[in-house]
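The values are calculated or read from the model by the stated rules, or taken from the named source; none is laboratory data. This one's a predicted model, so the numbers in the text were calculated from it and none came from an experiment. No Cβ is skipped: glycine too gets one built from the backbone with ideal geometry, and neighbour counts run over all protein chains shown.
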Amino acid sequence: MELVFLLYFLTIIFFSYYFKGKKYFSNYSGDNHQLFSNEKNIPLVGGMFLVMPIILINYHNFFYILIVLSIFILGLLSDRKVIVSAKQRFLIQILLIFFSVIFLDLKILSSRLLFFDNLLDLFYFNLIFTSFCLLILINGSNFIDGLNGLLLIYMTIVIYVLLDTEVKLLFEGNDSYIQFLLITLIVITALNLSNLLMLGDAGAYILSFFAGYLIILYHNSNPNISPYFFITLLWYPCYENLFSIIRKLKNKFSPLVPDNNHLHQLIYQRFSKIINNKVIANNVSSILISIINCIILLLAARYPYESNYQIKIILTSIFLYTSTFFILNSNK
């Protein structure tokens with residue numbers, strides 16, 4: 001098995017160089033939000049390399065495989081500009097997520113708030129709320145993928161923290177596949193930081209969906225763990241999306257249209273004034289944000305059972321994000 005995994009990693013590296021040399025699956029479309037690298041032919045193939053490791057985690061579930069592949073194809077069609085309309089893409093996302101919540105029996109069971117838990121007991125409310133959370137996560141994750149390695153490092157930390165926390169194992173006997181996914185993420189991250197590939201929408205969609213899927217399963221299997229611990233694990237991409245929606249609506253701008261005013265982009269713009277090399281400025285910005293998020297998630301993992309502790313971390317993280325945004329935005 002180890003030999004098969006090693007060959008797969010070598011295959012990832014080989015095809016990354018090959019696709020870039022041949023300028024296949026190029027990332028550049030001329031959109032303003034794609035101007036954060038200094039090359040126009042970086043292949044959007046990271047998602048292709050994640051499909052197999054993610055499917056192997058739960059390969060015996062037909063609906064799981066079908067949904068992962070469907071979400072990947074939607075992202076691929078977006079990357080290839082087959083689906084250009086953001087509204088069409090979002091509507092298809094809604095259908096796929098509703099399908100996944102129903103057929104994979106995904107439910108958010110508890111918030112530790114009596115009134116809201118009573119609502120969660122209602123089938124249709126739970127269906128809508130769980131789907132809403134997954135949609136926020138997927139689109140927020142796609143937003144933070146604007147810098148090299150940012151989403152990849154974040155989700156790698158999330159999965160590691162889940163596995164390292166004292167929670168019930170979900171896929172007993174599949175430990176090697178989970179390790180395979182983690183090492184694949186590390187390999188792809190290294191290639192992404194080297195500007196040899198990008199995740200693209202396809203990669204961002206399936207990676208964030210898998211993280212959300214995994215966390216919901218952990219939440220349901222470990223009712224003693226605070227639900228706010230799981231919220232803390234995904235606070236950054238979710239808050240990025242919610243904050244972006246509010247910001248765009250306030251400025252009378254469509255929330256579905258990408259822009260260059262996200263926090264990670266403001267941080268990049270600040271570093272690009274100091275560092276002439278775009279790739280280095282990109283990576284420095286990403287690593288700085290990742291270090292801060294790593295500290296937040298590791299602190300959260302210390303007391304996963306304590307809701308008050310988790311709420312304090314969430315509020316502190318939101319305050320840090322919001323205040324940093326307004327400081328950088330006012331001085332750009």
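Determine if segment 307-315 includes at least one residue that is in a helix (DSSP H, G or I), among the aromatic types (Phe, Trp, Tyr) and surrounded by 19 or more Cβ atoms within 10 Å (Cβ to Cβ). Let's see the steps before the verdict.
Here is the first cut: in segment 307-315, the ones in a helix (DSSP H, G or I) are 307-315.
Right, trim to among the aromatic types (Phe, Trp, Tyr) and you get 309.
Among the residues that remain, those that are also surrounded by 19 or more Cβ atoms within 10 Å (Cβ to Cβ) are: none.
Looking for residues that are in a helix (DSSP H, G or I), among the aromatic types (Phe, Trp, Tyr) and surrounded by 19 or more Cβ atoms within 10 Å (Cβ to Cβ), one finds none in segment 307-315, hence no.
For Leu147, state whether it is at pLDDT below 95, under 19 Å from Tyr239 (Cβ atoms) and over 11 Å from the mean Cα position of the chain (by Cα).
Working: at pLDDT below 95: yes; under 19 Å from Tyr239 (Cβ atoms): yes; over 11 Å from the mean Cα position of the chain (by Cα): yes.
Yes.
Run down Pro237, Pro258 and say which single residue is under 30 Å from Ile83 (Cβ atoms) and not in a helix (DSSP H, G or I). Before you say what the answer is, go through the steps one by one.
Working: Pro237 fails: not in a helix (DSSP H, G or I).
From the options Pro237, Pro258, the qualifying one is Pro258.
Among the listed residues Asn251, Asn261, Asn276, which satisfies the condition of being at pLDDT below 90, touching a Lys or Arg at 6+ places or on another chain (Cβ under 9 Å) and not hydroxyl-bearing (Ser, Thr, Tyr)? Step through it out loud before you land on a result.
On the way: Asn251 fails: touching a Lys or Arg at 6+ places or on another chain (Cβ under 9 Å); Asn276 fails: touching a Lys or Arg at 6+ places or on another chain (Cβ under 9 Å).
Testing whether each residue is at pLDDT below 90, touching a Lys or Arg at 6+ places or on another chain (Cβ under 9 Å) and not hydroxyl-bearing (Ser, Thr, Tyr) leaves just Asn261.
Going by what's in this entry, would Arg270 be described as outside any helix (DSSP H, G or I), charged (D, E, K, R), modelled with pLDDT of 90 or more and surrounded by fewer than 17 Cβ atoms within 10 Å (Cβ to Cβ)? Walk me through how you get there before you give the answer.
Working: outside any helix (DSSP H, G or I): no; charged (D, E, K, R): yes; modelled with pLDDT of 90 or more: yes; surrounded by fewer than 17 Cβ atoms within 10 Å (Cβ to Cβ): yes.
Judged against the criteria, Arg270 is not a match.
Evaluate segment 212-220: report whether one residue or more is under 19 Å from Lys20 (Cα atoms) and at pLDDT 90 or above.
First, pick out the residues of segment 212-220 that are under 19 Å from Lys20 (Cα atoms): none.
Within segment 212-220, none of the residues are under 19 Å from Lys20 (Cα atoms) and at pLDDT 90 or above.
I'd like to know if segment 320-332 contains one or more residues that are at negative phi, free of Cβ contacts under 8 Å to residues at least 60 places away in the same chain, out of contact with any Asp or Glu (no Cβ under 9 Å at 6 or more places or on another chain) and surrounded by 14 or more Cβ atoms within 10 Å (Cβ to Cβ). Quick ask: steps written out before the conclusion?
Of all residues in segment 320-332, those at negative phi come to 320-332.
When the remaining residues are screened for being free of Cβ contacts under 8 Å to residues at least 60 places away in the same chain, the result is 320, 323, 326-327, 330-331.
Still in the list and also out of contact with any Asp or Glu (no Cβ under 9 Å at 6 or more places or on another chain): 320, 323, 326-327, 330-331.
Among the residues that remain, those that are also surrounded by 14 or more Cβ atoms within 10 Å (Cβ to Cβ) are: none.
There is no residue in segment 320-332 that is at negative phi, free of Cβ contacts under 8 Å to residues at least 60 places away in the same chain, out of contact with any Asp or Glu (no Cβ under 9 Å at 6 or more places or on another chain) and surrounded by 14 or more Cβ atoms within 10 Å (Cβ to Cβ).
Can you work out which of the residues in segment 67-114 that are modelled with pLDDT of 95 or more and hydroxyl-bearing (Ser, Thr, Tyr) is surrounded by the fewest Cβ atoms within 10 Å (Cβ to Cβ)?
Only one residue fits best here, namely Ser70.
Does Pro237 satisfy being crowded, with 20+ Cβ neighbours inside 10 Å and either farther than 29 Å from Phe98 by Cβ or within 21 Å of the chain's Cα centre (by Cα) (or both)? It would help to see each step written out before you state the result.
Working: crowded, with 20+ Cβ neighbours inside 10 Å: yes; either farther than 29 Å from Phe98 by Cβ or within 21 Å of the chain's Cα centre (by Cα) (or both): yes.
Yes, satisfied.
Looking at (1) free of Cβ contacts under 8 Å to residues at least 40 places away in the same chain; (2) of a type outside the set (A, V, I, L, M); (3) farther than 26 Å from Glu306 by Cα, which one does Asn142 not meet, given that it meets all the others?
If we test Asn142 against (1) free of Cβ contacts under 8 Å to residues at least 40 places away in the same chain; (2) of a type outside the set (A, V, I, L, M); (3) farther than 26 Å from Glu306 by Cα, just (1) comes out false.
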